Every structure is written in structure tokens, then in C-alpha cells.
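The values are calculated or read from the model by the stated rules, or taken from the named source; none is laboratory data. In this text, all values refer to a predicted model and were calculated from it rather than measured experimentally. Here the Cβ positions follow ideal geometry from the backbone for every residue, glycine too, while neighbour counts run over all protein chains shown.
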Amino acid sequence: MTVEARKETLGFQAEVQQLLRLVAHSLYSHKEVFLRELISNASDACDKLRFEALTDGALYEKAPDLKIRVSFDKDARTITVADNGIGMDRQEVIDNIGTIARSGTRQFMQKLTGDQARDANLIGQFGVGFYSSFIVADKVTLRTRRAGLGPEHGVLWESSGEGDYTLENIDKAARGTEVTLHLREDEAELLNEWQLRSIITKYSDHITLPVIMPVQKYSEDKDAPPQIEDERINQAAALWARPKQEITKEEYKEFYKHVGHDFEDPLAWTHNRVEGKLEYTSLLFLPGRAPFDLWDREQRHGVKLYVQRVFIMDDADHLMPRYLRFVRGVIDSNDLPLNISREILQSSKVVDGIRAGSVKKVLGLLEDLAQNDAEKYGKFWKEFGRALKEGPAEDYGNREQIAKLFRFSSTHTDSSDQIVTLSDYISRMKDGQDKIYYITAESFAAAKNSPHLEIFRKKGLEVLLLTDRVDEWLMSHLNEFDGKHFQSVAKGALDLDKIASEEEKQEQKQAEDQHKDLLAKVKEVLGDQVKEVRVSTRLTDSPACLVVDEHALSSHLERMLRDAGQNVPMSKPYLELNPQHPLVGRLKSESDASRFGDLTNLLFEQAVLAEGGQLEDPASFVKRLNALLLAMG
Ligand code: ADP
Ligand code: MG
């Protein structure tokens, strides 16, 4: 079959266009990173070839020595980065270079404001990769051929980084990809050996493949013209295999940017060589910031797996549980076979062992940060705390250790900052208090002002204010910490007896007896809307509140599930009345049946609203409220 040299012009996906426009301007102050990105991609492409060649050796085309070559041409004003990795076919070029096939990209782009400093930050977070070429180039030419296809299956892609690009079929004998940057007029300073060499050493020294540059070599004979010879520029040794004390912070950071596909420095890392039953090395990083796709199921770039320094696979998700999906880095095993597949990985005892050990290392790193660098830990918590909260459900065995890392806001903090640890809480527990009290709500304000907190405030008992979406889920899996049970202040009968005085208990009993008739009348008015009406032990300032059963979903979670389109059966709440409140007093003495009905409904409805709930019939509520307001005048 002959391949026609079909040349076509295609438009970039709208998001790509927008990104390109911003890249050149916003990232100019870090312009030399383009080379790091191209070398990083070349290295990834060689890794991918190695992985595919595990099952199809022919892909090497008898040239198994993988390398990356960086060269420049002063006269043509070009820099070229070439690799003999996996390469791309025509469709892959369209998909990988003309499109950003990541879900959430559009929403991400909408966050861009046009404010350069801010956008540069965001773009860094997104990771511009290949497109960083356009920081220094006004035209980029990419020639590529996929490993295993004949030389006539080459593809030429070219663009000046504006609205479109061209694609053409070409002959390309050498497997892999070659990217040529046609530099902008004012970038000529990049066109010298010393410059490129120093950029490569600074940013790409850790690349495990040789990075080669043709350099001028003078012979002994001073009159002889210089010879051009290829020279390896980088160390080309696996960074993680080197002794820790010989690796500089800068080297760790640049290595992270490559494995993490991140533009920013990592927050912290842990580098370990494990010996004994299992032998492996792990180098694991915490990113400085959550990637924009942290909440995507399809999130890419996890931990890379190597076997005896040989790259095996990317995103080896069996090496990290989901709640630690933000961890980046490499694990290099001496025990796994070189031809391990994803399937084997899933059921390998060795992998289970490595994973358990690596999780411990990450949790240890976090513990260390939490203890010794509160500022850094605060940053971590803000970015990844919500992911970590998935931990107790997913990793039951480590739940105590994970829970120690949690930070909450509480009634003892002034702001919504999450800074209270469970140990802090326990150290402040009152005599006789045996539970850790918490409330879940949609917002900090809703939690902090909830009527459910009144009695706790009065008694000086601390309550954790949980306002992240994942908190409900967390609390359904975290039953206790340090031997103390968790108790929602909005659920079940509050068992504050141990903390209550004899006098208080007496009063409670009396109140219940005195209000028996009232409670029955209120229940009659509200009918099926409530399960039962009872005297509250929770309230001091508000007249009424809603409470659900100990094991029922909280009304907050019920709403969340319903919002998510789930068919959740309505659970009926209890209505609790505060006998000390004047409105309840009025209700008790109200003899007019219709006014009694209105007042009862109003009490119920305001309790629903205070919970953050929605009224079934808001118009009637407003009517009742207005009637009451008028009656006041
Ligand atoms: P990332 O490296 O984070 O995936 P990039 O923008 O750097 O993002 O690259 C986009 C995609 O283009 C890569 O994922 C890869 O599929 C493809 N690509 C880029 N450079 C090369 C290359 N040298 N060889 C093969 N594919 C490449
Ligand atoms: Mg890249």
C-alpha cells in the first residue's frame, strides 16, 4: 500500500490555541525550560518504546541503543531535539500535539484571567510540556515515525503556534521523533554550545538515557580544523540509584519536574533503599500543588515502575493507593521480572509488599512534615487534605496513622482554617467527655452557627466543624480515634448525661413531663414530616432543631446524594423543641387552632432552613411569616 504525501492544514483545538497564546507571554521569564520539556518528552518516548518492546522486540528495528540528541544550526537559527523512541503515527500526532485530551481542560482554561503573573502560575500547574517550544520559537517542525512502521510512514507536523498546523506524510528512515525549533529573532544567544550544555546540565542531568550533543573537538595539531564529535552531556545514571548524600536538592527538584510533569518544585521527598526480603529503591515526591485533574478518575502520571534500572511502566497505579494518588516518583525493584505486565502487577505479592512499604514511607514523610514544618504541612493539607481523607475507607489498616495527619476547623478556632488535630481535640476534652463531637455542613458559617452547637457552646465542649464534601464519607469510615468514638451532634439522642449535673437531669425530666401534650399536638400538625417531636437537650438560644437517627444519613449527606442524582429514600427527622424558648412558650399557650398550626409549621420550617435544607413549599412559608410579622404590628 502506498501512502500519499497528503498535506493538510488542521485547526488546533480551541483550548490549545488559547494555551499557545498565553505560553509565549507568561512563561518568558523561565524560557530555557523548553529544552527540559523536549528532553523530558524524548525520554518518555524512549521509555514507552522499551515498554512496548517487552512484548514485541521487533520494535527496536535492530537499534536498541536509545538516546537523545540535541543540536543547533547557527545559520538556520534552529535547535533540534531528536530521539529514537516510540515515535507517533499521523493520528497520534493529531491527538497528542493538536489536542489536549485531558478531561477538565476546558474548565481549567476558563480560570485563566489574562493577568500574566497569575496565569503563569496556573499554566505551570497545568503543565504546558511540548507547547513551551513556542516561548522561544516562532515556528516548530516535528518529524516523527512510529517504531515498527516502514520508513514511508513518517509524519511532518509544522506550526507557527497560531491558529493551525500542517500535517504531511514523509519518508523518515530513523525511528522516533525530531523536533526543530526555529528561534525568534531575539533568541540567537541560545545558539551556542556552552549555553545549551549548561541548560541541559542544569535541568536534564538526571535523564537516564544519554543526552548527546555534537561538539567541536580540536586536535593536538593547532592548525588542523576542529572535528565535530558526539559527546554525552549528562551523567545518564539513574538518579535514585546514586547515594543520597551525593544528590543535591537541585537535582532532586529537576528530577521531580520530569517524573511529575510539573513546572514547580516539589514540597518534599523521601528517598529509600530497602534491603532484606524485598529489595527496592523508592524516590517519592509530594507535589507543591494539586494538579488540576486531581479529582479526575482518569488522572495520569503516578509512580513509575523500574526493574533493575530499566523502565517498565508509567502510572503503575498498583504501587500507590488512590488516596495517595498525588504522589509522584519512581520505584525500582530488584525482585520483579523484567517482562511484568499490568495484569501480573495486580496480583503480585512482591508488588503488595513494595506498596505497603512505600505507603509507610509516604505517611512517615507526612508525619515528619506535620511535626517539623507546620507551614509546609499546612500547604500540603490545603492542596491534598481532601484526598487524604479518603484514606481511612481505602486503607483500613493505616487509619489511625492517617487520622493523625488530619486537620480540622473547630468551635475552638476563630477562622475556617483547618488546624486542629484529633490529638489537640482529645487533650481539650472535658472531664466525663468520652466522645469526639463533630458536625457536618455545607459551609463553615453553616456549621459554626448551627443550632445543634448551642448546648456544646454552653458547656464549653469543643465540636469539630466538617465542611469538605468528603467529610461525610470520611466519618462513616472513621469510627474512633485513640479509643474515642466520634459522635455527630446532629444525630441521635445526645448522651451528655455524664457531663450533666444532677440538677440539669432533673430539669430535663420535668420539661418532658410538662410538655407531653404540646409535643403530641405539634406532631399531629406536622404529621408524616417528622418521626417524632421531643424536648431538646441541645438548644439554648434557638426554639427548634431537626435531628436524625444515630445511623441515618445526615440531612447534609442526603442532599449531596440527591444532588448527585441518587434516589435516596427520605428519612424522617425528629423535631426537637426548646422549652426555655419564648416561642415554644407561646405555642404552649396558644388556644387558636389555626394560629397554633401556623406557628408549628414556622418552627419546623426554620429548623429545616437552619440545617441548610430546602423547604417543600417556600411560598406558604413566606405567607405564614408575613402574617406573623403583620400580627406583631
Ligand atoms: P506530557 O509530556 O505531560 O504528556 P507534553 O505536552 O509534553 O505533555 O506532550 C504531549 C504528548 O505528545 C505526550 O504525552 C506524547 O504522547 C506526545 N509526544 C511529545 N513529544 C514526543 C516525542 N518526542 N515522541 C513521542 N511522543 C511525543
Ligand atoms: Mg512532557
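For the range 50-90, enumerate the residues that are within 15 Å of ligand 1 (Cβ to nearest atom), assigned to a loop (DSSP other than H, G, I, E, B) and surrounded by fewer than 21 Cβ atoms within 10 Å (Cβ to Cβ).
Scanning the range 50-90 gives Lys67, Asp89.
In the range 216-270, which residues are touching an Asp or Glu at 6+ places or on another chain (Cβ under 6 Å), under 30 Å from Lys74 (Cβ atoms) and of a type in the set (Lys, Arg)?
Answer for the range 216-270, where residues must be touching an Asp or Glu at 6+ places or on another chain (Cβ under 6 Å), under 30 Å from Lys74 (Cβ atoms) and of a type in the set (Lys, Arg): just Lys217.
Does Arg102 satisfy being within 13 Å of ligand 1 (Cβ to nearest atom), under 32 Å from the mean Cα position of the chain (by Cα), modelled with pLDDT under 85 and not β-branched (Val, Ile, Thr)?
Working: within 13 Å of ligand 1 (Cβ to nearest atom): yes; under 32 Å from the mean Cα position of the chain (by Cα): yes; modelled with pLDDT under 85: yes; not β-branched (Val, Ile, Thr): yes.
Considered against the rule, which asks whether it is within 13 Å of ligand 1 (Cβ to nearest atom), under 32 Å from the mean Cα position of the chain (by Cα), modelled with pLDDT under 85 and not β-branched (Val, Ile, Thr), Arg102 comes out as yes.
Would you call Tyr165 in contact with a strand residue (DSSP E or B) (Cβ under 9 Å, 6 or more places away or on another chain) and of a type in the set (Phe, Trp, Tyr)?
When the stated conditions are applied, Tyr165 passes them.
Does Ser160 satisfy the criteria of being within 13 Å of ligand 1 (Cβ to nearest atom), more than 24 Å from the chain's Cα centre (by Cα), among the polar types (S, T, N, Q) and at pLDDT below 95?
no
I'm checking my understanding of the structure. Among residues of the range 165-196 that are assigned to a strand (DSSP E or B) and out of contact with any helix residue (DSSP H, G or I) (no Cβ under 9 Å at 6 or more places or on another chain), which one is farthest from Ala137 (Cα to Cα)?
It comes out as Glu168.
State yes or no: is Leu181 closer than 30 Å to Phe292 by Cβ, among the aliphatic types (A, V, I, L, M), buried (at least 16 other Cβ atoms within 10 Å of the Cβ) and out of contact with any strand residue (DSSP E or B) (no Cβ under 6 Å at 6 or more places or on another chain)?
no
In the range 210-254, what count of residues is obtained for those that are within 16 Å of ligand 2 (Cβ to nearest atom) and at pLDDT below 95?
1
Considering every residue within the range 537-545, establish whether at least one is in contact with a Ser or Thr (Cβ under 8 Å, 6 or more places away or on another chain), within 21 Å of Ser488 (Cβ to Cβ) and either acidic (Asp, Glu) or not in a strand (DSSP E or B) (or both).
Narrowing the range 537-545 to residues in contact with a Ser or Thr (Cβ under 8 Å, 6 or more places away or on another chain): 544-545.
So of that shortlist, the ones also within 21 Å of Ser488 (Cβ to Cβ) come out as 544-545.
Filter once more, keeping what is either acidic (Asp, Glu) or not in a strand (DSSP E or B) (or both): none.
Scanning the range 537-545, I find no residue that is in contact with a Ser or Thr (Cβ under 8 Å, 6 or more places away or on another chain), within 21 Å of Ser488 (Cβ to Cβ) and either acidic (Asp, Glu) or not in a strand (DSSP E or B) (or both), so the answer is no.
Residues checked against (1) basic (Lys, Arg); (2) outside the structural domain of Leu35 (by TED's automatic domain parsing); (3) at pLDDT below 90; (4) away from ligand 1 (no atom under 16 Å from the Cβ):
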| position | (1), (2), (3), (4) |
| --- | --- |
| Leu196 | no, no, no, yes |
| Tyr203 | no, no, yes, no |
| Ile207 | no, no, no, no |
| Asp265 | no, yes, no, yes |
| Pro287 | no, yes, no, no |
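Take Ala224 and tell me if it is under 29 Å from Leu66 (Cβ atoms), surrounded by fewer than 18 Cβ atoms within 10 Å (Cβ to Cβ) and more than 16 Å from ligand 1 (Cβ to nearest atom). Before you say what the answer is, go through the steps one by one.
On the way: under 29 Å from Leu66 (Cβ atoms): no; surrounded by fewer than 18 Cβ atoms within 10 Å (Cβ to Cβ): yes; more than 16 Å from ligand 1 (Cβ to nearest atom): yes.
So Ala224 fails the test.
Can you confirm whether the range 265-277 contains a residue that is farther than 21 Å from Phe326 by Cα, in contact with a helix residue (DSSP H, G or I) (Cβ under 8 Å, 6 or more places away or on another chain) and either hydrophobic (A, V, I, L, M, F, W, C) or crowded, with 19+ Cβ neighbours inside 10 Å (or both)?
yes
Anything in the range 520-536 that is hydrophobic (A, V, I, L, M, F, W, C) and in a strand (DSSP E or B)? List them, or say none.
Result: Val533, Val535.
Show me the helices (runs of 4 or more DSSP H) entirely contained within the range 330-406 in which 3 or more residues are crowded, with 19+ Cβ neighbours inside 10 Å. Don't jump to the end; show me each part of the working.
On the way: elements: 342-346, 349-372, 374-388, 391-394, 399-403.
Correct list: 349-372, 374-388.
Quick test for you: out of Asp47, Asp75, Asp95, Asp83, pick the one residue that is more than 19 Å from Ser198 (Cβ to Cβ) and touching a Cys at 6+ places or on another chain (Cβ under 7 Å).
Details: Asp47 fails: touching a Cys at 6+ places or on another chain (Cβ under 7 Å); Asp75 fails: touching a Cys at 6+ places or on another chain (Cβ under 7 Å); Asp95 fails: touching a Cys at 6+ places or on another chain (Cβ under 7 Å).
On inspection, the qualifying residue turns out to be Asp83.
Residues of the range 554-613 being assigned to a loop (DSSP other than H, G, I, E, B), more than 38 Å from the chain's Cα centre (by Cα) and under 23 Å from Gly492 (Cβ atoms), which ones?
Matches in the range 554-613: Asn578, Pro579, Gln580, His581.
Residue under question is Phe134, and the condition is that it be over 30 Å from Ala63 (Cα atoms) and aromatic (Phe, Trp, Tyr); does it hold?
On the way: over 30 Å from Ala63 (Cα atoms): yes; aromatic (Phe, Trp, Tyr): yes.
Yes: the conditions hold for Phe134.
Is at least one residue of the range 127-138 more than 16 Å from ligand 1 (Cβ to nearest atom) and at pLDDT below 90? Don't jump to the end; show me each part of the working.
Keep residues of the range 127-138 that are more than 16 Å from ligand 1 (Cβ to nearest atom), which gives 138.
Of the ones still in play, those that are also at pLDDT below 90 are none.
Within the range 127-138, none of the residues are more than 16 Å from ligand 1 (Cβ to nearest atom) and at pLDDT below 90.
For the range 147-154, does any single residue satisfy the condition of being assigned to a strand (DSSP E or B) and either within 16 Å of ligand 2 (Cβ to nearest atom) or of a type in the set (Ser, Thr, Tyr) (or both)?
Taking the range 147-154 and keeping what is assigned to a strand (DSSP E or B), we get 154.
Add one more test, that the residue is either within 16 Å of ligand 2 (Cβ to nearest atom) or of a type in the set (Ser, Thr, Tyr) (or both), and what stays is none.
Checked the range 147-154: no residue is assigned to a strand (DSSP E or B) and either within 16 Å of ligand 2 (Cβ to nearest atom) or of a type in the set (Ser, Thr, Tyr) (or both).
Arg143 - would you say it is assigned to a strand (DSSP E or B) and of a type in the set (D, E, K, R)?
yes
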